[in-house]
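What follows is one structure encoded as structure tokens, with my remarks underneath.
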Amino acid sequence: NEKEARSSFCFYNEDINKQIKDSLLLESDIRNALEKKEFFLTYQPKLNMATAEIEGVEALIRWQHPEHGIVSPINFIPAAEASGLILPLSEWVLDEACRQAKLWHTQGYKITTAVNISAGHFNNGKLLEDIDKTLKKYNLPAECLEIEITENMMMQNMDVIIPMLKALKARKVCISIDDFGTGYSSFAYLKSLPVDTLKIDRSFIKDLHHHKDDIHIVQAITNMAHKMGLKVVAEGVEEQEHCQQLCSIGCDVVQGYYISRPEKADNIQGLLDVAYIS
Ligand code: C2E
Ligand code: CA
Ligand code: CA
Ligand code: CA
């Protein structure tokens with residue numbers, strides 16, 4: 001028994017050591033990758049169902065790793081958050097997204113470019129300064145920039161976040177609550193938040209055509225959001241049936257593989273053009 005306890009202790013210990021080693025490795029890797037410019041942004045279009053136009057895109061980061069190929073953000077954002085490297089990384093994302101947004105703006109596309117803001121960037125107080133600096137650097141109208149904050153982030157730091165959101169709103173930056181429905185926000189709080197859009201989490205969308213409950217949830221969120229003057233975006237829309245359901249529910253905007261996978265800017269130009277002609 002004692003032997004068992006010891007061996008499981010050892011196993012536990014090794015496991016932790018490996019985790020620490022991995023995260024340290026990753027940390028120096030991320031630092032390196034920033035210097036070597038191995039990160040790039042992909043953009044996923046958001047389709048407005050009423051106008052049949054692409055009204056915006058979401059910037060999603062990728063890592064072109066020399067050995068591992070293209071690495072998903074779910075494999076390095078948490079490590080970046082834990083290590084403080086999230087700040088330079090997040091600043092790079094903001095800069096690169098605004099640079100591209102300015103190009104689209106100059107070409108005449110009326111779209112917003114959304115950036116995912118991590119807790120680390122929000123909480124350190126530099127976000128506002130960074131946004132002001134970057135909008136100015138590219139001479140980009142604030143209305144062209146959108147920020148996505150997860151419902152959980154929003155609820156965990158209401159005291160810090162509400163004044164920040166108000167300041168962003170005053171600049172006309174668009175604000176979305178991401179992954180809506182997975183956290184614990186009460187509708188009463190939502191009323192006091194200066195947000196424009198709710199993005200309903202993919203978990204409610206993916207089985208929409210098989211699960212009556214999901215339809216009811218999405219319907220309820222949509223009705224409530226509309227009563228509060230908020231726009232509703234459904235994320236993770238993979239099938240035509242999803243689009244039809246969401247359309248009859250009254251959801252405003254759809255985003256997902258059915259419309260387009262996240263792609264490099266050049267590869268979604270066609271979709272933006274189609275939207276423009278129609
Ligand atoms: P998210 O903000 O909820 O982004 C949506 C994720 O769903 C993206 O994964 C996107 O590629 C994926 N997706 C879009 N449509 C579909 C679909 O139809 N089906 C399925 N199965 N998936 C779909 P991705 O790009 O791997 O990003 C994962 C998460 O990493 C994001 O979740 C976001 O939280 C974070 N992330 C991505 N880019 C950034 C960034 O630049 N900064 C920060 N802080 N976080 C980021
Ligand atoms: Ca997002
Ligand atoms: Ca999301
Ligand atoms: Ca999600």
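The values are calculated or read from the model by the stated rules, or taken from the named source; none is laboratory data. Model, not experiment: these values are computed from the prediction. Backbone-built Cβ (ideal geometry, glycine too); neighbour counts: all protein chains shown. Protein only, heavy atoms only, side chains kept; ligands, DNA and RNA dropped before computing areas. Shrake-Rupley method; radii C 1.70, N 1.55, O 1.52, S 1.80 Å.
Per the conditions (1) open to solvent by less than 50 Å² (accessible area, probe 1.4 Å); (2) among the hydroxyl-bearing types (Ser, Thr, Tyr); (3) over 30 Å from Lys191 (Cβ atoms), the sole criterion not satisfied by Thr150 is (3).
Val57 meets all of the listed conditions (1) more than 30 Å from Lys110 (Cβ to Cβ); (2) touching a helix residue (DSSP H, G or I) at 6+ places or on another chain (Cβ under 8 Å) but one, namely (1).
Can you name the helices (runs of 4 or more DSSP H) wholly within segment 63-136 that have at least 3 residues being open to solvent by less than 20 Å² (accessible area, probe 1.4 Å), free of Cβ contacts under 8 Å to residues at least 60 places away in the same chain and not polar (S, T, N, Q)?
Values: elements: 77-83, 86-106, 119-123.
By residue number, 86-106.
Just so you know, in segment 110-161 the residues that are closer than 17 Å to Ser192 by Cα and over 16 Å from the mean Cα position of the chain (by Cα) include one that is farthest from ligand 4 (Cβ to nearest atom), and it is Asp159.
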